[in-house]
Amino acid sequence: MSLTFHWFLPTNGDSRHVVGGGHGTPATAFGRNRPLTVAYLSQIARAAEDLGFVGALTPTGAWCEDAWLTTAMVSQHTERLKFLVAFRPGFVSPTLAAQMATTFQRQTGGRLLLNVVTGGESHEQRAYGDFLDKDARYRRTGEFLQIVRDLWEGKTVDLSGEHLQVEDARLARVPDPVPEVYFGGSSPIAGEIAARHVDVYLTWGEPPAQVAEKIAWVRGLAAKEGRTVRFGIRLHVITRDTAEQAWTEAHKLLDGFDPDTVKSVQAGLARSESEGQRRMLALHGGSREDLEIHPNLWAGIGLVRGGAGTALVGSHDEVAERIKEYHALGIDEFVLSGYPHLEEAYWFGEGVLPRLAAQGLWQHPFAPTSAPAAQVPFTS
């Protein structure tokens, strides 16, 4: 099976430094370094498309632009790239969400993927009018996905659940194709929802041993439901011709963040109710020391950013080897990003992807296997 790679649209801002935000923390000042215009985001999207990324994740939350609107606009400046739209089920009715997905598929030629984000911060959820606690939000997500999936199958849906109720719900048109559903969560109830409803379970970039445990956990739960689930991982990347160059860039990313800023961000993230965020914080403990927590896996991003907090750092060959290591565990999809997102897409796309192609692990989704991307480029 060919590996699948997705990139990231930084609707919270882009910079040559880490742009913070997420899980209850605001985007940092570095997010204003490059204006968040449709033109710039489209430039990133077109680069990702040309390089062979299948899709691009767009985040959700108060710290970034709205994912639905942004991707709808950017989609008009691309031809083949899919959009992994993150959204929170509590903010929109399931029937309307199913209808929106159908419209997106029809108007883009089937280029929608959905990243369902239940929401791990009660204080942020309340700002949107959602006053359920965390476990209740997950139960609502399960009801939401049950309704949406039935609607996409063309069924007329009547459901009176604990949190959601619809009567005589149906779609005039169903999406073609039906969007795949991506989902992440590390708490017990998150695993149950993933096993019952999702196509791809996403984990943040923990060390391989921890990722293997998650895969076994979700795979076992899915088997009990008579289902199979694919697995993906969310990581940043810093890849260069040599390991020394890559690590130099990694250390530069944190330039400008003084100890007080790091302390403030960590205090904000410590209030998170997300089990996944707790696991990210445990990887570095708030310290700048010993941030390489596994060969070529760096936890420095998580010092100043919520959510995905680790990066693959190294030469193109080293990063390719780490990808192979995760793939051997069962990871087939990689959702990647890097600062700044335009330039880092090229570093990875021109440096790592050809090496994976030469080993038969990847092929450009929009080009013949004999395309130049399959050749390992000259490096100085």
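What the table below lists for this structure:
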| read-out | value |
| --- | --- |
| Filter result (under 26 Å from ASP133 (Cα atoms) and charged (D, E, K, R)) within the range 84-119 | ARG88 |
| Search result, residues across the range 1-11 that are open to solvent by less than 10 Å² (accessible area, probe 1.4 Å) and either of a type outside the set (A, V, I, L, M, F, W, C) or over 14 Å from ALA56 (Cα atoms) (or both) | LEU3, HIS6, PRO10, THR11 |
| Complete set of residues in the range 211-258 that are surrounded by fewer than 22 Cβ atoms within 10 Å (Cβ to Cβ), in a helix (DSSP H, G or I) and under 18 Å from the mean Cα position of the chain (by Cα) | VAL211, ILE215 |
| Pairs where the first residue, in the range 60-78, is surrounded by fewer than 18 Cβ atoms within 10 Å (Cβ to Cβ) and the second is among the basic types (Lys, Arg), C-beta under 9 Å, 6+ apart | HIS77/ARG46 |
| Out of LEU84, LEU96, LEU51, sole residue that is open to solvent by 10 Å² or more (accessible area, probe 1.4 Å) and in contact (Cβ under 8 Å) with a residue 60 or more places away in the chain | LEU51 |
| Filtered residues of the range 13-28 (kept if open to solvent by 10 Å² or more (accessible area, probe 1.4 Å) and either in contact with a strand residue (DSSP E or B) (Cβ under 6 Å, 6 or more places away or on another chain) or assigned to a loop (DSSP other than H, G, I, E, B) (or both)) | ARG16, HIS17, HIS23, GLY24, PRO26, ALA27, THR28 |
| Qualifying positions in the range 116-127 - open to solvent by 20 Å² or more (accessible area, probe 1.4 Å) and within 15 Å of the chain's Cα centre (by Cα) | VAL117 |
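So that you can scan it fast, the table gives a plain yes or no per residue for (1) among the basic types (Lys, Arg); (2) assigned to a helix (DSSP H, G or I):
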residue: ARG106; (1), (2): yes, yes
residue: THR118; (1), (2): no, no
residue: TYR138; (1), (2): no, yes
residue: ILE147; (1), (2): no, yes
residue: ASP150; (1), (2): no, yes
residue: GLY154; (1), (2): no, no
residue: GLU167; (1), (2): no, no
residue: ASP176; (1), (2): no, no
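The values are calculated or read from the model by the stated rules, or taken from the named source; none is laboratory data. Note that the coordinates shown come from a computational prediction; the quantities given were computed from them, not determined experimentally. Note that we place each Cβ from the backbone using ideal geometry, even for glycine, and neighbour counts take in every protein chain shown. The accessibility values were calculated without ligands, DNA or RNA, using every heavy atom of the protein model including side chains. Shrake-Rupley method; radii C 1.70, N 1.55, O 1.52, S 1.80 Å.
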